[in-house]
Every structure is written in structure tokens, then in C-alpha cells.
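Some notes on the structure that comes next.
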Amino acid sequence: MKIVEVKDLTKQFVKDKKAVDNISFDIEKGEILGFIGPNGAGKSTTIKMLSGILTPTYGNINILGLNPTKDRKKLAKSIGTVFGQKSQLWMHLPPIDTFNLLGVIYDVKPKILKERIDKFIELFELAPIINNQVRKLSLGERIKCEIAASLIHNPQVLFLDEPTIGLDVVIKKVIRDLILKMNKEEQVTILLTSHDIQDIEKLCDRVIIINNGKIVFENTMKYLKYNYLGKKLISIKTENNFNIPQIEGVSILKQKDYSAKLEVDTKLNSIKDIIDTIVSTNNVLDITIDDIPLEEVIGQIYKNN
Amino acid sequence: MKKFFYLAYISIKNYTFYLKDFLITRIFLVIVIIIFSFIYKTLLGSNQSYASFTLPMLLYYLAITESIEMSKTLIHNTISDEIKSGTVAYILLRPISYISFHVSSAIGEITIKQLVTMIIGFICAFFVSGFKIINFWMVIASLPVIYGAVLLNLFFMILIGMFAFYIEEVRPIYWIYQKFIFIVGGLFVPLEFFPPTVLKIFKFFPFTYMNYFAAKMSVKFDLHEYIIGFSIQLLYIFIVYFLSILIYSKGIKRVSIQGG
């Protein structure tokens, strides 16, 4: 069942530049759709139009049978939002106060509100911080509370706009696990935007890549992974001169005396085998593995098109 | 209505985290009352009163005007920052109107601040005036116009904040408004200290009902003047409120929330 239907959506803030340019897509009930793109691609503008904050220049949006621009107040009870760079929590009060306030604002019955708060305290492991002032929480703890706050009124659709921005890898994983957990527990449909390909890879069934306001890719995560995310970047620092290993699928991007940057095709050889070979032939001081930058993936998609 | 009262309660709770800061800043009120007691004494000279205001009346008058002035929250800055930073998005997505949200969340804090500041001001005025008291029944009868003044100031500041939809910086507008309060609002001296013609003109301004009127009724109650003044105050509250809604409804269409 389609929960979100978007057709020919366009937003033009200034003349001759469209922030979102004629995009169309649907989201099924319970689906997690990834919406990725570089800075200024139009991700957040799209979310703001979907939630009714911005009025589209052209196009139609239908969420749960409602038009967000005309029925924003009505739709408010069915959608939740987390803007990673903005906070909805009262900074000087503990998160529990914001949860209670949101419950009252959304007309959640006291008994149900208490049950939901208890559920999120358990699910998100908020017990140690629920009574601490928000301004004293770490960013990771705050984002956990932001997500819980956005779910208090039991929304059917959740817009997560860069929820993992600024978080370290460990906390990112915690937040991703939470998003997956609540998607399963609450059957909530999620539209997730991120710069981080890993967020999308770990969470989404389907992915849309947007660039300069246009959709440049729309397919399953599996397809994206197989065709565009099969490469990794390995940066190595060694004690002595770096010995170039002769391994299939490895190409050298940069090499200096004691360091090198390699591009690895994981379809031809596993990361484990490559690392083993490098470590056995070099005295390795440091090694890091990164994904291909999103900009490069987009470049590849353009090239293939 | 429950959500509006709950918001007011949360804002009071939020504010009480700074109770120590709040009480420290009230020292300023004590200093102001002491300094103005000297000015008033010089002004009165050997007379018992000036424009039929005695020294204790002037000190209690100042305690009330300052309690209204010092209890303001800089809501125009909050609104302006929300519009500029995009945090406005969160409030727009709630099933509550943007203006009601801000009125409810500010009113709790302002009411408590005003009440506590007024009590501190009265205690200070009592000591500085040489243990003189005023008729507190007049103060109680004037509570509706005192809180009317608080509300009118709040709506006026929300109206100033609404200009953030159209201009980058609303602080200069606030600056002008504040200067009007100092003069036309009768913050430091009752408007009777001005020539009668000026007083007649000032009575048409909304600023007169943001400070002077409430303080004057508290120390020099007059039922006829009270009824007329309270009616004008209510009229201004509605005018400013509707102007805010009008500017908001036009401005919200222009909003382009930043970020992302």
C-alpha cells in the first residue's frame, strides 16, 4: 500500500535555479526509503515540502490521502520528524518533560502516553539520562531522545533528516539499530536522508539518489551495492617503503614512501584477503578503510547513464 | 486548553532552572529604586507631591513599571532566531498554532517573573520610602490592567518578531519600541509630569497602556479612568494580536527554512 505519493515535485526559491526539479516517487507502508545526495542536492527541501512546511512551486504530494500544504495541521498527527541539525527538546529541562509536553500537544491520552514513554525508555535505553538536563547530554544521547520524541504520538510516517550527522561510528551504529528496531516494532514508514552511504546501506530497502534537485538513481539497495558500492578505499601507513602487493582488483591511487592509498574492488577479492596480503608483506603502522565518496558514486551513475 | 496550560507550566519549570540568575538580576531593581528615590526627592524639593504624586506613590509606581519591564522575555529574538535557523520547522509541524505556542510558552515565565519582581520592588519601595505603604486594595484591583500590560507587551514583541519573515534583523525595531516605552510608556515617571497637551496625545498611543496606566491605577485608582483605560488596553491587545496573525499568515508563505 502506497503511503507517500510524489508527482512532478518542483521547488524554485530563486529564478533560474530549482532546488528540487520535477521529481516523482512513492513509498510503500513499512518501507525505509533512503534519500541521499551531496550538500544542496535538495534532500531537506523535499522533506520540508513533504511535511508541509514548504509549499511546492509545482507538483503534487499525497501522504496518507492528505495534501501536506493544505492539511498540514491534520497531517501533523500522522507524521514525525527529526532534523539532525535542529533540536525539538527543551535544552534546560530533562527529556521526560519534552516527551510529556509533546504527548499533551498531540492529545495523547495520559495512560497511552505513559506506556509509550516507558516503551521508549526501555527500547532506546534512556533510563540513565531521562531525568538529566538535555544540554548536559552527549550528541548521541540527544539524538536518541530526538527520535523517541518524534515517535511519542505514534506517527505512521517518519522523516529523518540526517539523524546521524556529527556522530561517531559507534553511536551511528546504535542509532541505526534503533531506527531498524522501531521500524519493525512500530511498523512506521521511514524516509531517511543522509550524506552517509553506510546509513543507507544498513537501513534502507530502496534508495533514491538526488543531485542538483534531480533524481539520478532510484533502485533497490541491493542493485546500488552491487553496481556502485563494490569498491572501497584503503589508506595505509608503513614503517618502511610500501611494498605494492600484486592482488587482483587492487589499484593504487596515490603512493608516497611510507604511505599509500588503494582502491579495491570487493567483487574480485575480499577485503580480508587484501588486508592479510598487505599486512604479511609490509610492516603496517596504520590502516583505514573508507567507502567511495558519494560524489564519486554520483559521477559513476552519470557516466553509466 | 490543556496543551496551553501545560506549555505555560513547562516554561515556568524551564525558567526555574535559572532561579539564582533571576534573583541576582533583581539586584538591579533595588539599585534603580534607590537611585530614583534621590531623583524624585530632588524633583519634589520641599513639596509633598508633584502632579499629585507623593514620594511613596512614585516609588511604588516605579516598582510596578519596572516589574513589567524586567519580566519581559526576548520573544522577538526567539522568533527571529527560529525563522533564521529553521527551528521554526518543528513548531510548524505540531498541531498547535505558531503564535499560540509562543504566547503559552512565554506567559508562564513572564507571569512568575512579574509577580516576584513586583513583590521585591514593593519591599524595596517600603524601605526606601521610610516604611510607607500604599493602599494594596488598589494594587489588587489593578491586577487585570497589570497583566493586561504584560500581555500587550508580549503581543507587541511577538508582532516585532513576525517582521523576521520580511527583514533580516528585528532588533532595531525592538530598540525603537523600547525607547517609546521609556518615554510614552511612563517607565520612570508618570505621564502627568509632562504638559497636559502632551499627556492627551500620549493617551492615544498603545505604549501608554504597556506600563504607565497599570502603575498609575495601582497607586492612584480612579474607576472612571480605569474602565476607559482598560477598554483601550483590551482593544490594543486585540489589534496587536490580529496584526501578528495577519503578518504571520502572509509571512509563513515566504518562509524558506534553511539547512540540508
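Of the listed requirements (1) open to solvent by 20 Å² or more (accessible area, probe 1.4 Å); (2) among the aromatic types (Phe, Trp, Tyr); (3) modelled with pLDDT of 80 or more, A:Phe217 misses just one: (1). Only residues that are within 15 Å of B:Phe156 (Cβ to Cβ) and either in a helix (DSSP H, G or I) or in contact with a strand residue (DSSP E or B) (Cβ under 6 Å, 6 or more places away or on another chain) (or both) were counted in segment B:181-198, giving 2.
Comparison of A:Lys202, A:Lys225 shows that the only residue that is charged (D, E, K, R) and farther than 23 Å from A:Thr81 by Cβ is A:Lys225. Total residues in segment A:187-214 satisfying the condition of being surrounded by 19 or more Cβ atoms within 10 Å (Cβ to Cβ), over 13 Å from the mean Cα position of the chain (by Cα) and not hydrophobic (A, V, I, L, M, F, W, C): the figure is 3. Condition test on B:Val198, is it touching a Pro at 6+ places or on another chain (Cβ under 9 Å) and β-branched (Val, Ile, Thr)? In short, no.
Apart from one condition, A:Ser87 fits all of (1) within 14 Å of another protein chain (Cβ to nearest Cβ); (2) in contact with a strand residue (DSSP E or B) (Cβ under 9 Å, 6 or more places away or on another chain); the exception is (2).
Every residue, every condition in (1) farther than 21 Å from B:Asn211 by Cα; (2) touching a residue at least 40 places away in the same chain (Cβ under 8 Å); (3) open to solvent by 40 Å² or more (accessible area, probe 1.4 Å); (4) within 14 Å of chain A (Cβ to nearest Cβ), yes or no:
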residue: B:Asp21; (1), (2), (3), (4): yes, no, yes, yes
residue: B:Val32; (1), (2), (3), (4): no, no, no, no
residue: B:Tyr40; (1), (2), (3), (4): no, no, no, no
residue: B:Ser52; (1), (2), (3), (4): no, yes, yes, no
residue: B:Leu59; (1), (2), (3), (4): no, yes, no, no
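With respect to the conditions (1) in contact (Cβ under 8 Å) with a residue 24 or more places away in the chain; (2) open to solvent by less than 30 Å² (accessible area, probe 1.4 Å); (3) not β-branched (Val, Ile, Thr), A:Lys144 lacks only one, and its number is (2).
Scanning segment A:140-159 for residues that are within 12 Å of A:Gly84 (Cα to Cα) and touching an Asp or Glu at 6+ places or on another chain (Cβ under 9 Å) yields a total of 2. Look at (1) without any contact (Cβ under 8 Å) to a residue 60 or more places away in the chain; (2) surrounded by fewer than 23 Cβ atoms within 10 Å (Cβ to Cβ); (3) within 27 Å of the chain's Cα centre (by Cα); (4) more than 7 Å from chain B (Cβ to nearest Cβ) and you find that A:Ser78 fails only one, number (1).
All of (1) farther than 14 Å from B:Ala125 by Cα; (2) surrounded by fewer than 11 Cβ atoms within 10 Å (Cβ to Cβ) hold for B:Ile27 with one exception: (1).
The values are calculated or read from the model by the stated rules, or taken from the named source; none is laboratory data. None of these values were measured; they are calculated from a predicted model. Virtual Cβ from ideal backbone geometry, glycine too; neighbours counted across all protein chains shown. All accessible areas refer to the heavy atoms of the entire protein, side chains included, with ligands and DNA or RNA removed. Shrake-Rupley method; radii C 1.70, N 1.55, O 1.52, S 1.80 Å.
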